[in-house]
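Take a look at the structure below.
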Amino acid sequence: MTTLQERATGTIAAPPATPVRAETGWGALLVLLTGTFVTLLDFFIVNVAIPSIQVDLRAGPSAVQWVVAAFGLALAAGLITGGRLGDLYGRRRLYASGLGLFTLASAACGLAPTAGVLVAGRVVQGVGAALLMPQVLAIITTVYTGPRRARAFSAYGVAVGLGAVFGQLIGGLLIRMDIAGLGWRSIFLINLPIGVAAVAASRRLLPESRSATGARLDLPGTVLVTLGLVAVVHPLVAGEPAGWCLAALLPLTVFALHQRRLAARGGAPLVHPGLFADRAYTVGVLVSLAFQLTMASFFLVLAVYLQDGRGLSALASGVLFVPLGVGYLVTSVLSGRLAAGRGRRTLTVGTLVVAAGYALLALAAHDPVGWLVPGLTVAGVGMGLVVAPLPSIVLAGVAARHAAAASGVLSAAQQAGNAIGVALIGSVFFSALGTGGFPHAFTLGLDVLVALGVAVALLVRLLPRHTA
């Protein structure tokens, strides 16, 4: 039975979590980062292959749009449920299951005879990613402590950057190499040996951990939050009017009320309301969502500007991402130590540096493409200062028994931020194309991103002073 104090505070006591090994080696981190890398890579890499897919599968504009959007929609809708499943049934088990499903779906995508089969495969890929991604942050949080945890989160940030920043370059290289005559199919089939090796290694290297034994999945909560997240993300990724997102208010409101009632009765809600009693977690989730508004949208308008506006090939535009990637890698490696001593100040500086990079790019929008390199490098430096330490700061105060659920909420907020940002900045960019051409549209989109970056820096100030 729960005590009155537990009911009042929303911190329901739970049976002890399954213990994990005291000293987990770095092999476990390598396995986790492999899954992180391939799933994030697939989120970005498919953009490069769209022209080839259109020709080979005779895909129309709507089908092509869903090849890109289906993965993100399924991922965003399943992250919170995936996190809770890890807490209940074992994080290693869910990680291996999710990566196995993702790998099988990659094979289906690589062998797809029609656009419809490819879209279906992308949906299943997204489901697999939703099962595995929350477990990565949760396992890092529960098995590493102190300086080892800071280093693990820094490595996580590097893997995220490699997948996101270099996705276009890697895709362009694979298509140019045309391995075994596979063309665009190689961007999916390359996941097979990587996924099989990582799943096999996970059973040997990853420690198992879970939350309260005997608890059941909150099925009504699962249905409500899935409907709500689909209602938020679907109109944005499908290009529908943003007003359709208001349809999410009802299921998400009912979901929040259901979670509170279930927690008050001593049940096991999908997302425990006690999580949001931690200021660092609540504000950190909002910061993550707001910062992601500027990330995926920037990659979108930059890729369109370089390829359609400047006439660069997919590979050439991918090469231009390298300065951004180099700046990102340098600071993401150092950011863990910086955040440990300076906490939220590292995030504030990082977001302002990203905004400065965008401003430099706006100034160079009409110049030869070489003049974009300084702005790209500065933006990459700022991204590394934010992306790598942010998960550690947000999850620092979360109880181990809620680790995967908390990670799922954080990841869902990031995916929602991606979708909202693409819809917002994409509409600004494409609307401006009709009046002033690509440099004008690129500059206008960057101006909005600079303003958003400054707003995120102000939001970071709401975090507790010592949050690393």
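Count of region 164-193 residues, restricted to those that are touching a residue at least 40 places away in the same chain (Cβ under 8 Å) and either more than 27 Å from Leu320 (Cα to Cα) or among the polar types (S, T, N, Q) (or both), is 4.
Within region 309-362, the set of residues being closer than 22 Å to Val287 by Cβ and charged (D, E, K, R) comprises Arg337, Arg342, Arg344, Arg345. Is it the case that some residue within region 190-201 is out of contact with any strand residue (DSSP E or B) (no Cβ under 8 Å at 6 or more places or on another chain), at pLDDT below 85 and not in a helix (DSSP H, G or I)? No: zero hits. Screening Arg176 against (1) surrounded by fewer than 19 Cβ atoms within 10 Å (Cβ to Cβ); (2) part of a loop (DSSP other than H, G, I, E, B); (3) modelled with pLDDT under 80; (4) not aromatic (Phe, Trp, Tyr) leaves a single unmet condition, (2).
Within region 357-398, the set of residues being in contact (Cβ under 8 Å) with a residue 60 or more places away in the chain and over 18 Å from the mean Cα position of the chain (by Cα) comprises Tyr358, Ala359, Leu361, Ala362, Ala365, His366, Val369, Ala379, Ala396, Gly397, Val398.
Whenever a residue of region 115-131 is more than 13 Å from Phe188 (Cα to Cα), its partners that are outside any helix (DSSP H, G or I) and of a type outside the set (Ser, Thr, Tyr), lying with C-beta atoms within less than 6 angstrom and at least six residues away or across chains, give the pairs Ala115/Ala59.
Any residue in region 37-57 that is without any contact (Cβ under 8 Å) to a residue 60 or more places away in the chain sitting within a Cβ distance under 7 Å of a residue that is in a helix (DSSP H, G or I)? List the pairs, counting only those 6 or more apart or interchain. These pairs meet every condition: Ile50/Val64; Gln54/Val64.
When Ala96, Ala17, Ala49, Ala105 are screened for being small (Gly, Ala, Ser), part of a loop (DSSP other than H, G, I, E, B) and either under 26 Å from Val196 (Cβ atoms) or at pLDDT below 75 (or both), only Ala17 passes. Note on region 308-425: enclosed helices (runs of 4 or more DSSP H) holding 3 or more residues that are among the polar types (S, T, N, Q) are 322-342, 344-363. Scanning region 315-349 for residues that are buried (at least 23 other Cβ atoms within 10 Å of the Cβ) and of a type in the set (A, V, I, L, M), we see that the one that is modelled with the lowest pLDDT is Ala339. Looking at Phe299, Phe255, just one residue is crowded, with 18+ Cβ neighbours inside 10 Å and in contact (Cβ under 8 Å) with a residue 40 or more places away in the chain, and that residue is Phe299.
The values are calculated or read from the model by the stated rules, or taken from the named source; none is laboratory data. If you're wondering where the values come from, they're calculated on a predicted model, not measured in any experiment. All Cβ positions, even for glycine, are placed from backbone atoms using ideal geometry, and neighbour counts span all protein chains on display.
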